[in-house]
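The values are calculated or read from the model by the stated rules, or taken from the named source; none is laboratory data. On a predicted model such as this, the values are computed, not experimentally measured, just so you know. Don't worry about glycine lacking a Cβ; one is built from the backbone with ideal geometry, like all the others, and counts go over all protein chains shown. Protein only, heavy atoms only, side chains kept; ligands, DNA and RNA dropped before computing areas. Shrake-Rupley method; radii C 1.70, N 1.55, O 1.52, S 1.80 Å.
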Amino acid sequence: MAGNPDFDLFRPSEEHDMLREAVRALAADKIAPFAAEVDDESRFPQESLDALVAADLHAIHVPEEYGGQGGDALAACIVIEEVARACASSSLIPAVNKLGSMPLLVGGSDEVKAAYLPALARGEAMFSYALSEPEAGSDAGGMRTTAVRDGDEWVLNGAKRWITNAGVSKFYTVMAVTDPDKRTRGGITAFVVEDGDEGFSYGALEKKLGIKGSPTRELYFDDVRIPDSRRVGDVGAGFAVAMATLDHTRITIGAQAVGIAQGALDFATAYAKERKQFGKAIAEFQGLQFMLADMAIKLEAARQLVYVAAAKSERGDADLTFFGAAAKCFASDVAMEVTTDAVQVLGGYGYVKDYPVERMMRDAKITQIYEGTNQVQRIVAARQLLAKY
Ligand SMILES: Cc1cc2nc3c(=O)[nH]c(=O)nc-3n(C[C@H](O)[C@H](O)[C@H](O)COP(=O)(O)OP(=O)(O)OC[C@H]3O[C@@H](n4cnc5c(N)ncnc54)[C@H](O)[C@@H]3O)c2cc1C
């Protein structure tokens, strides 16, 4: 079928390839040198934020009409993947900027988009996404945070848990119950809460297994008054907006997983060619060659699924929900396997902090948990499958 233009759909464009080269160079130069230190000290990777903002790569998805680059879903994935290859914590800067602002893009009015997206595009403000609560994780619809209307304002009370980049972000898209009788069927509404709003505060930093450079905190709302102009979408549309957001952004977690796994595979392969036992490089042993081959095969399958899902996100295809869940689930399971195998390839040296693969293994774990655990992704995928027959 030579000459069939449809075959072009199966490879990224030249622009995407150039973007990858640029992000890879920036990550090698400005992000990778701090990755171990950021993990060790559990500190926010300010160097990465500065470098990403300077290169306009911190929120590439923001449409041009709001001052952004208008990068497509694949471009966002490439940025996140290449940053994650060097430092998973840093990749949560572009990933969560997209996650936090996606509800505005999916369901927000022109006014709310014009109010918040330009500052994000300029790199003056980061965005976070606040759905989960202490008692409402997989069952996000069981949330207890409330928003009660008072004239032209809303009054928020409650708490959110596990909020990525909390305390660093300036803007927070918060889902709250506005009609307890309806809940997920029209009783939840989304709002933007700003850092510094009266009655809005943060909990202590969580002490985590991985992505230690990405701050995770609780959010507290104590009679936080916000104007109705900060509502994202219609009253009661918040849960649908939150779920539609995840259809798009789970793909970026897939991209993060692919990046982490690629970093581990690159390191393990180079190491295997250097390390000598029994008088030869360990890469010459077929036992290790097969392991490296399996890692590469699974990783490439994950990457292709993520990219196809990104194309579906861009086009808004009807099967996006399935592909978003599938890409996130498959790529994160692969990342966990590949990073664990990378530790194995290095033997005892893989188990210590002198080499980066133990960090990558710890970082990979979260991709199986957030934006819905992989059990939840399988529930989503099964629902889509069963609905077809
Ligand atoms: C570091 C980190 C960052 C995060 N960032 C954010 C963020 O920025 N914004 C945000 O809103 N949330 C965030 N989260 C929350 C995350 O999405 C939740 O932790 C996740 O959805 C799981 O909820 P849970 O922790 O309450 O686990 P639970 O829901 O209590 O689940 C516990 C276990 O039960 C399983 N389970 C639950 N229900 C079912 C079922 N029906 N069938 C089969 N198995 C089931 C789960 O898969 C899991 O294995 C973050 C979490 C972490 C740890």
Quiz item: Which aspartates and glutamates does LYS160 reach when only Cα atoms under 15 Å apart count, and residues fewer than 8 places away in its own chain are ignored?
Solution: GLU133, GLU135, ASP139, GLU194, ASP195, GLU206, GLU218, ASP222, ASP223, GLU371
Quiz item: Averaged per residue, what accessible area in Å² does the chain show with a 1.4 Å probe, protein chains only?
Solution: 45 Å²
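With +1 on the Cβ of every Lys and Arg and -1 on the Cβ of every Asp and Glu, and nothing else charged, how large is the dipole of segment 127-239 about its Cα centre, in debye rounded to the nearest 20?
On the way: 15 positive and 18 negative charges, 116 e Å.
Rounded to the nearest 20 debye, it is 560 debye.
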Practice problem: Mind telling me which of GLY203, GLY347, GLY279 comes out most flexible in a GNM of the chain, alpha-carbon contacts under 10 Å? | Solution: GLY279
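Take the Cα pairs of segment 254-315, get the Kirkwood Rh, then feed it into Stokes-Einstein at 20 °C and 1.002 mPa s and tell me D in µm²/s.
165 µm²/s
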Practice problem: Quote the FRET efficiency, to the nearest 0.05, computed for LYS280 versus ASP29 with a Förster distance R0 of 25 Å and r equal to the Cβ-Cβ distance. | Solution: 0.15
Self-check item: Nearest-0.05 FRET efficiency for LEU385 and GLU135, computed from C-beta distance (R0 45 Å)
Solution: 0.90
Quiz prompt | Reachable lysines from LYS280, criterion Cα separation under 24 angstrom, eight or more residues apart if same chain | solution = none
Quiz item: Roughly how many percent of the accessible protein surface of segment 10-122 is carbon and sulfur, given a 1.4 Å probe and a whole-percent answer?
Solution: 50 percent
Exercise. Can you tell me the dipole magnitude for segment 10-122 around its Cα centre, using point charges on the Cβ only (Lys, Arg +1; Asp, Glu -1), in Debye to the nearest 20?
Key: 180 debye
Practice problem: Provide the net charge surrounding ALA95, with neighbours chosen by a C-beta distance below 13 Å and charges set as Lys +1, Arg +1, Asp -1, Glu -1. | Solution: -1
Quiz item: Considering the dipole of segment 274-389 built from charges on the beta carbon (Lys and Arg +1, Asp and Glu -1) around the Cα centre, which of GLN304, MET291, TYR389 is farthest to its positive end?
Solution: TYR389
Quiz prompt | Cβ-defined net charge surrounding TYR66, 15 Å radius [Lys, Arg +1; Asp, Glu -1] | solution = -3
Quiz item: Hey, if we sort ASP72, ASP195, ASP234 by accessible area with the 1.4 Å probe, largest down, what's the order?
Solution: ASP234, ASP195, ASP72
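Placing +1 at every Lys and Arg Cβ and -1 at every Asp and Glu Cβ, with all other atoms neutral, what dipole size does the chain have around its Cα centre, in debye to the nearest 20?
Here the size comes out at about 1180 debye.
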Quiz item: Which whole-number percentage describes the relative contact order of the chain, with Cα contacts under 8 Å and a sequence gap of 6 or more?
Solution: 16 percent
Quiz item: Roughly speaking, what is the stretch gain from MET18 to ALA119, that is 0.36 nm per residue apart minus the C-alpha to C-alpha distance, in nm to one decimal?
Solution: 33.7 nm
Quiz item: Comparing LYS353, LYS280, LYS298, which has the greatest mean-square fluctuation in the GNM of the chain with Cα pairs linked when under 10 Å apart?
Solution: LYS280
Quiz prompt | Residue (of ILE226, GLY316, TYR349) at the positive-pole extreme of the chain, dipole from beta-carbon charges | solution = TYR349
Quiz item: Between the helical axis of 110-122 and the dominant principal axis of the chain, each derived from Cα atoms, what acute angle in degrees is found, rounded to the nearest 10?
Solution: 40 degrees
Quiz item: Angle between the Cα long axis of helix 286-315 and the longest principal axis of the chain, 0 to 90 degrees, nearest 10?
Solution: 30 degrees
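Excluding THR178 itself, what net charge comes from residues whose Cβ is under 11 Å from its Cβ, given Lys and Arg +1 and Asp and Glu -1?
That sum, taken over residues with Cβ under 11 Å, equals +1.
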